[in-house]
Amino acid sequence: AVTAGTSEAGAAPAQQKELEHVDPRQVGEEAQRFLEGLVGSFGLTGTVELVEDGEDLEVRVHGQELGLLVGPRGTTLQAVQDLARVASQRRLGDHDTRLRVDVGGYRERRRVALGKFAVQMADEVKSSGVARVLEPMSSADRKIIHDTLATVDGIATRSEGDDPYRRVVIAPANG
């Protein structure tokens with residue numbers, strides 16, 4: 001019985017180790033194929049590009065009238081990204097590759113807009129001395145706010161609450 005237990009325990013890490021070595025390019029190609037099929041299924045026209053940076057991948061969909069794949073405040077885009085991850089990473093057993101999906105340059109436009117908004121809110125907090133609680137937002141959007149304001153003197157940020165209602169608080173820095 002002890003030998004069988006040792007053998008089983010020994011087999012699990014070997015199988016797990018085998019799963020850890022998935023080629024990021026393969027993950028990217030699977031995600032790219034999934035998104036090409038999705039764009040076609042929606043009856044949209046676009047091209048799908050894979051951008052690799054080591055184990056960080058971004059699959060970008062370019063084209064006109066792709067708003068349906070973005071949705072309000074990027075909610076559909078987030079769901080598309082989750083589906084692409086299931087179709088590529090989880091199916092292949094990949095746990096290391098970072099996969100992002102962007103449609104029509106939405107993520108960059110959102111990053112710029114949120115950065116400007118964060119600076120405006122920080123200016124209001126500085127002049128009023130009163131903290132501002134922002135609306136609930138995704139972890140990616142919260143990260144943009146935190147990163148943007150990390151180097152702003154006189155301002156501190158923190159996140160409060162539980163997803164999906166987690167929000168950023170912009171407050172005067174202590175001292």
Looking only at region 87-126, which residues are in a helix (DSSP H, G or I) and among the charged types (D, E, K, R)?
ARG90, ARG91, ARG107, GLU108, ARG109, ARG110, ARG111, LYS116, ASP123, GLU124, LYS126
Being at pLDDT below 90 and more than 22 Å from SER139 (Cα to Cα) narrows GLU52, GLU29 down to just GLU52
Note: among ARG98, ARG91, just one is on the phi < 0 side of the Ramachandran plot, open to solvent by 10 Å² or more (accessible area, probe 1.4 Å) and in contact with an Asp or Glu (Cβ under 6 Å, 6 or more places away or on another chain), namely ARG98
Please find, among ASP153, ASP102, ASP147, the residue that is under 30 Å from GLN64 (Cβ atoms) and of a type outside the set (A, V, I, L, M).
ASP102
Before we move on, is VAL125 open to solvent by less than 30 Å² (accessible area, probe 1.4 Å), in contact (Cβ under 8 Å) with a residue 24 or more places away in the chain and either over 28 Å from ASN174 (Cβ atoms) or of a type in the set (Asp, Glu) (or both)?
no
Looking across region 18-43 at residues that are part of a loop (DSSP other than H, G, I, E, B) and open to solvent by 40 Å² or more (accessible area, probe 1.4 Å), the single one that is farthest from ARG109 (Cα to Cα) is HIS21
Scan region 47-78 for residues that are at positive phi and either crowded, with 19+ Cβ neighbours inside 10 Å or among the charged types (D, E, K, R) (or both) and jot them down.
GLU65, ARG73, GLY74
Identify, please: which residue in region 147-160 is open to solvent by 40 Å² or more (accessible area, probe 1.4 Å) and part of a loop (DSSP other than H, G, I, E, B) and is, among those, nearest to PRO172 (Cα to Cα)?
GLY154
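The values are calculated or read from the model by the stated rules, or taken from the named source; none is laboratory data. None of the values given here were measured: they were computed from a predicted structure. Counting neighbours? That spans all protein chains shown, and the Cβs are built from the backbone with ideal geometry, glycine included. Ligands, DNA and RNA are excluded from the accessible area calculation, which covers all protein heavy atoms including side chains. Shrake-Rupley method; radii C 1.70, N 1.55, O 1.52, S 1.80 Å.
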